[in-house]
Amino acid sequence: MGNLVGRKKLRSIAVLGTYVPRKCGIATFTDDLCEALATELDSSCQVAVIAMDDVNGGYPYPKRVEFQIRDSSLPDYLRAAQFLNVNQPDILVIQHEYSIFGGKSGAHLLHLVKNLEIPIVTTLHTILTEPTEQQRTILLELAGYSELVVTMSLKGRQILQETYGIPEAKIAYIPHGIPDFAFVDPSFYKDTLGVEGHKVILSFGLVHPGKGFELVIKALPQVIEKHPDIIYIILGATHPHVMKNTGDAYRHGLHQLVNRLGLDSVVRFDNKYVDLDELCRYMEAADIFVTPYKSPAQITSGTLAYAVGAGKAAISTPYWHAEELLSEGRGRLVPFDDVEAMAHTINDLLDNEQECNAMRKRAYQFGRQTIWKEVARGYLDLFNQVLVRPSLRPKSSYSDHSAANVVDRLPAPNLEHFQTMTDDTGILQHSVYTIPEREHGYCVDDNARALVVTSLYYSLYQDKKVIPLTHRYLSFLYHAFNQETGRFRNFMSYNREWLEAVGSEDAHGRALWGLGVALRDASTESIGSLATKLFTQGLSVLESFTSPRAWAFALIGLNAYLEVYGGDAGARRFRQLLAEKLHTHFKNNLSVEWVWCEDISTYDNGKLPHALLLSGRRLPDPAMFETGLASLKWLLAQQTAPEGHLSLIGNAGWLTRDGMRAKFDQQPIDAMALIDACVEAFRGTGDFRWIHEARRCLDWFLGYNDLNLPLYDFTTGGCRDGLEAHGVNANQGAESTLAWLISLLTIFEVIGQQVLISENGSRPGSRPVPGT
């Protein structure tokens, strides 16, 4: 495969991916590739690893790992880019799989690649034929910034050209590497596993529901009728992400199936993660190897590549990679979910030893071209092509240095005071300084906002520590909902007694906002189900509401809900109704000088243009979108001091149509509402001006305000209750702290998303935005 003559001498190579001892197929692939590259190169060329971490503190890595990236920490990607640019390896090889990187669909990776000043080659471990718009954009961007992308199957090359439009010249095919297995007689090695006198069927890999092992188990009763000496070994630990999210339910289900079919002496679960030497022992002892995967859309299977390379008699369902590897008589394919076909094929191979051995030889001879030595030489040839030709990397106007600067200046989200304000009922309304104040109890307003915080936090960081908090706030809203009136109560005493039968329209709208975000970003099925149930129950009363802010909060919740349940016709009608009401309210009241829906501009103002922008973009309604944009521009103009900082409308008189304006007290929720609106304006227009405006509003919390005093408390993670004429209100109540956290998390979220939009506002593969 490789050409050793005429290669450019390399000083160093960096490989980015998961890495051993992390239990992950890509970690093993990265380790094997690095070892093979190092073996082919002389000792003067260093092969280093940039390792992706999914646990706090990382793993006890070997010395080859020179930098670690916490998958959900956006700053780490930017630091990694700086580290690579300083150290200047000749090339970076990225192992790409959406799930190992942070951000939506792994978008954080693009911050790294767009900041790099070295050539990139990307190996694609997953290639989807029906990607989401974001997945498609990420792959196209990644391909655009890579000199070459590597696919490990011919089907992958076809998909990249036909589905993504990536030119053939930018795609390289290098098969999945395998160890240099010997071709052996399985009977010689069975004693090492304690299976002497048995025919051994083997499946291995990290265990998860997509593996489809139940297909083989269901076929075994028909097999043991003819071959009672069969034993089926399922080798591998449960996939760590499956264990983290759903526990070991799949494996327990397999155990129950085995017990129900009376196969306890036939099926053996070796629940462990094995190294190469131990894997070789299992492979050597196996007579038949099976990959009964459930989905055709698997572009690469390292386990099947190993089996073919070891010269095993292989049976598989017809997923894409299996169709290639097992063609030309190198194995057998059986239809998905076809128990009869699986049983017949196993029996046929066991009955026909001559055909089975011929199949093994064809597979082994084919696999010789994919041993790691040959694969490493293929990669080195690619590196040589890349380094001797002009770069194909685009000249990007994307300036992630500004993103790096923003991340440098922002504090990391700190939930300490947020948790201090929360007891076993919910989040308390007020505090005295930083001490929770119990007299005024709780309210739906704050518990709905708290639900937004934990949902955004989980969406960004996948941190399960916030799930119990989400349960608490969702439980509060569930208890707050009055089934008889169809309305949410708002205020509850510290003694857990409701102080009203019906809360305000605004409180009801905020509850729907919180529930919509919670179900969209649900960390568990239970959270999503209860949030959905409460949300839909709370819709029926909206038609009678008269508060523009209640309409706005409900619209923001409705748009979040429709991201999940886009086909809900009733919810779509409510969105249309409320959006048109709000838009009409603006059209009937605004003028050139007064771009507002009322004769007084009061609190949470930014939520109104936010709702118009979001609904105008989603319906779509270009005129509505433009009204939202115009009102947001007007709000920002009214609240910008001559010195350029944000100067919020004070609550001691507000801003009236006749020009009267109160300067104090300035409230954190007003800054938060503006930030949310600016971020939505960015999403709708792609204009980076709105990112800068959102950042300017966030700076209000950090001291860039009328008094040059920070409201954010860097020690506690809380936020002071407002800016008053004499200084800051030193109390750190729930509303203020929640406003700060929603603002900060929203900024981190949009920094993660802005990488998908170019400076001129275009998005690869996206549709035009109304009104832009």
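The values are calculated or read from the model by the stated rules, or taken from the named source; none is laboratory data. The model shown is predicted, which means the values in this text are computed figures rather than measured ones. Every residue, glycine among them, receives a Cβ derived from its backbone with ideal geometry; neighbour counts consider all protein chains shown. Quick note on the areas: whole protein, heavy atoms, side chains included, nothing else; ligands and nucleic acids left out. Shrake-Rupley method; radii C 1.70, N 1.55, O 1.52, S 1.80 Å.
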Task: 10 Å Cβ shell holding at most 11 others, DSSP loop, GluC sites (Glu not before Pro): longest site-free stretch of the chain - done: 329-483
Task: Cα-centred dipole magnitude for the chain, charges only on beta-carbon of K, R (+1) and D, E (-1), debye, nearest 20 - done: 1160 debye
Task: Environment charge of residue 490, counting only residues whose C-beta is closer than 11 Å and scoring Lys/Arg +1, Asp/Glu -1 - done: -2
Task: Degrees separating the helix 74-87 axis from the principal Cα axis of the chain, which is the longest one - done: 60 degrees
- [ ] Take the Cα atoms of the range 163-260, find their three principal axes, and give me the spread along each one in whole Å, biggest first.
- [x] 53, 39, 25
- [ ] Quote the relative contact order of the range 1-159 in percent (integer), defining contacts as alpha-carbon pairs under 8 Å separated by 6+ residues.
- [x] 19 percent
Task: Within the chain, helix-based [θ] at 222 nm, where runs of 4 or more DSSP H residues each add -39,500 (n - 2.57), nearest 500 - done: -14500 deg cm²/dmol
Open item on the list: Leaving out ligands and nucleic acids, and using a 1.4 Å probe, what accessible area per residue does the range 269-360 come to in Å²?
Closed with: 36 Å²
Task: Principal axes of the range 601-734: Cα extent on each, largest first, Å - done: 45, 38, 28
Task: Three principal axis lengths of the range 512-643 [C-alpha, angstrom, descending] - done: 49, 32, 24
Task: Placed amide H near residue 15: partners under 5 Å, 5+ positions off or other chain - done: 48, 49, 50, 93
Task: Stokes-Einstein D (µm²/s) once Rh is taken as the Kirkwood radius of the range 541-619 over alpha-carbon pairs, at 37 °C in 0.692 mPa s - done: 255 µm²/s
Open item on the list: Let me check I have the definition right: for the range 27-116, take the eigenvalues of the Cα gyration tensor, multiply each by 5, take square roots. What are those semi-axes in whole Å, largest first?
Closed with: 22, 15, 12
TODO: Please count, across the range 181-250, the pairs of lysine residues with Cα atoms under 20 Å apart that sit 8 or more places apart or on different chains.
DONE: 5
TODO: Hey, can you grab everything whose amide H is under 5 Å from the amide H of residue 487? Only 5+ residues off in sequence or another chain; H modelled, so Pro and N-termini drop out.
DONE: 482
TODO: Looking at the chain, send over the antiparallel percent of its DSSP beta bridges, to the nearest 5.
DONE: 30 percent
Open item on the list: In whole percent, and with a 1.4 Å probe on the protein chains, what portion of the accessible area of the range 410-449 is carbon and sulfur?
Closed with: 48 percent
Open item on the list: Using the crude model of +1 on Lys and Arg Cβ and -1 on Asp and Glu Cβ, and no other charge, please compute the dipole size for the range 494-560 relative to its Cα centre, in debye to 20.
Closed with: 120 debye
Task: the range 235-322, dipole about Cα centre (Lys/Arg Cβ +1, Asp/Glu Cβ -1), debye to the nearest 20 - done: 320 debye
TODO: Calculate, in whole percent, how much of the Cα-Cα pair population of the range 574-678 lies beyond 25 Å.
DONE: 17 percent
Open item on the list: For the range 411-476 and the range 82-99, what is the centre-to-centre distance using only Cα atoms, to the nearest Å?
Closed with: 38 Å
Task: Computed over the range 422-573: relative contact order in percent, which uses C-alpha pairs under 8 Å that are six or more apart - done: 22 percent
- [ ] Please work out the FRET efficiency for the pair residue 38 and residue 338, using the Cβ-Cβ distance as r and a Förster radius of 51 Å; give the result to the nearest 0.05.
- [x] 0.70
Open item on the list: Using only Cα atoms and rounding to the nearest 10 degrees, what angle (0 to 90) does helix 133-145 make with the longest principal axis of the chain?
Closed with: 70 degrees
- [ ] Add +1 for every Lys or Arg and -1 for every Asp or Glu among the other residues with Cβ under 11 Å from the Cβ of residue 91, and state the total.
- [x] 0
Task: Furthest towards positive pole of dipole, 548, 442, 499, structure part the range 442-574, Cβ charges - done: 442
TODO: Provide the per-residue ³J(HN,Hα) series for the range 413-419, in order, calculated from phi with Karplus coefficients 6.51, -1.76, 1.60 and θ = phi - 60°, each as a whole number of Hz, with x at glycine and proline positions.
DONE: x, 10, 9, 4, 5, 3, 6
- [ ] Specify which residue in the list 359, 59, 228 is farthest towards the positive end of the charge dipole of the chain, using unit charges on the beta carbon of Lys, Arg (+1) and Asp, Glu (-1), about the Cα centre.
- [x] 359
TODO: Please give the net charge around residue 663, taking every other residue with its beta carbon less than 11 angstrom from that of residue 663, where Lys and Arg add +1 and Asp and Glu add -1.
DONE: -2
- [ ] Return the sequence-ordered ³J(HN,Hα) values of the range 421-438 in whole Hz as given by the Karplus equation 6.51 cos²θ - 1.76 cosθ + 1.60 applied to θ = phi - 60°, using x for Gly and Pro.
- [x] 7, 9, 10, 6, 9, x, 9, 6, 6, 10, 9, 9, 6, 9, 9, x, 10, 8
TODO: Enter the per residue convex hull volume of the chain, computed from alpha-carbon coordinates, in Å³ rounded to the nearest integer.
DONE: 177 Å³
Open item on the list: For residue 268, what residues show an amide H to amide H distance below 5 Å, using hydrogens built from the backbone and excluding near sequence neighbours?
Closed with: 232, 233, 234
- [ ] Just tell me which lysines come within less than 17 Å, Cα to Cα, of residue 633; anything on the same chain fewer than 8 places away is out.
- [x] 587, 607
Task: Listed residue (426, 46, 27) projecting farthest to the positive dipole end of the chain, Cβ model - done: 46
Task: Over 21 Å [Cα-Cα, the range 417-524], rounded percent - done: 32 percent
Open item on the list: Compute the helix-to-body angle for 249-260: its Cα long axis versus the longest principal axis of the chain, expressed 0 to 90° and rounded to tens.
Closed with: 50 degrees
TODO: Take every Cα pair under 8 Å in the range 49-122 that's 6+ residues apart, average their separations, divide by the length, and report that relative contact order as a whole percent.
DONE: 31 percent
TODO: Taking all protein chains together and a probe of 1.4 Å, list 470, 39, 524, 420 from the most accessible to the least accessible.
DONE: 39, 420, 524, 470
- [ ] Give me the accessible area of residue 244, 1.4 Å probe, in Å² rounded to the nearest 10.
- [x] 90 Å²
